Each structure stands twice: as structure tokens, then as C-alpha cells.
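The values are calculated or read from the model by the stated rules, or taken from the named source; none is laboratory data. Given the structure is predicted, the values throughout are model-derived calculations rather than measurements. Because the Cβ atoms are built from the backbone with ideal geometry, glycine has one as well, and the counts that use them run over all protein chains shown. These accessible areas exclude ligands, DNA and RNA; they are computed on the full protein's heavy atoms, side chains included. Shrake-Rupley method; radii C 1.70, N 1.55, O 1.52, S 1.80 Å.
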Amino acid sequence: MGAAYFYHLTRRPLEQTLPLLLEKALAAGWRVAVRGRDPARLDWLDERLWLGPEDGFLPHGRAGGPHDAMQPVLLTTGIEHPNGAACVMAVDGAEVMAEEVRALERVCILFDGNDETAKDTARGQWRALTGAGCAAQYWSEESGKWEKKAEA
């Protein structure tokens, strides 16, 4: 049974934090689905991942291509995991279901701490997932380093 990890972004934006988490997930041997809500936003994120440091290249692709099943990291708006993801990283308020948390190694929910709507969405996701019996952790970088602030 997996767990949901909530990442409250306050110091670094998504495009800086996501690659760090992706590297950790890949180092654990997991394939990852990065789930968003807006295809244009995922295109933007895809571009940022390609423009990352040369020594920090993250192999990834956009869903809908002929090689989805081979992608270590797949950016998608769908709920399917054609790449056999063991981890889902939900961004921009993308939906996550309790059954998914239970079935995967980990679900990461990244949200912008400077956006009230994003915070409200994350709070709702926390209540829904913990209310369904899922293990969850809340992490904040407010102090300058990542610290676990809550666990359920």
C-alpha cells in the first residue's frame, strides 16, 4: 500500500522542484506519470524538462506517442499509466483517487503555496484521501529545506 505525499511549494517553483522529485523516483527504480490538467501547461513543463542541465537530463515524453510504454517519465492528463508507473506526480490540481494511492508505490501532489485556489484544492485532496484511509504526509519548504509537517 502506497502513500500520498503533499509538497507545499513556497520557495521554488514547480519547474525547479519537479526534476528533483523525478530524479529521486527514478533512483528508486520507479517509472513515473506526471499528471496535469492542461495539455498546454504540460507542453510548457515538457519544454522546461528538456532545457534542464545537461548532466541532469531526465528521460521523459508526452503521452500519446508511439513509445509511451517505454517512457521512464510520462507527462499526461489521463489517469492511465501506459508506462507502468509506480509513482504519480500530480500537478496543478490534477485529480488523484484513493484506489490509486493504494495501488502505487507513491503519489506526490505538488501545489503552489502562493496560490489560494491551489492550497484549497490540496486541502480537499488531503481530506478525501485521508478520509478514505490512505496514508499521507505533508511536506513544506517554508524554512528553506523540506520538512515533514504532518502525517496521517
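Descriptive notes on the structure:
- Identification of strands (runs of 3 or more DSSP E) wholly contained in segment 69-137 with 3 or more residues that are within 20 Å of residue 16 (Cβ to Cβ) and among the basic types (Lys, Arg) yields no element.
- Identity of the residue in segment 100-132, closer than 25 Å to residue 27 by Cα and of a type outside the set (D, E, K, R), that ends up most open to solvent (accessible area, probe 1.4 Å): 103
- Tallying residues that are more than 17 Å from residue 27 (Cα to Cα) and either open to solvent by 50 Å² or more (accessible area, probe 1.4 Å) or over 16 Å from the mean Cα position of the chain (by Cα) (or both) within segment 46-69 yields 14.
- Flag for residue 21 being modelled with pLDDT under 95 and either surrounded by 13 or more Cβ atoms within 10 Å (Cβ to Cβ) or not in a helix (DSSP H, G or I) (or both): no
- Within segment 104-146, the residues that satisfy the criterion of being of a type in the set (Asp, Glu) and modelled with pLDDT of 95 or more are 105, 112, 115, 116, 120.
- When segment 42-67 is filtered for residues that are touching a His at 6+ places or on another chain (Cβ under 8 Å) and part of a strand (DSSP E or B), only 61 remains.
- Counting residues in segment 31-41 that are touching an Asp or Glu at 6+ places or on another chain (Cβ under 6 Å), open to solvent by 10 Å² or more (accessible area, probe 1.4 Å), touching a residue at least 40 places away in the same chain (Cβ under 8 Å) and not in a helix (DSSP H, G or I) gives one or more.
- Of all residues in segment 83-99, exactly one satisfies the criterion of being crowded, with 18+ Cβ neighbours inside 10 Å and more than 13 Å from the chain's Cα centre (by Cα), namely 83.
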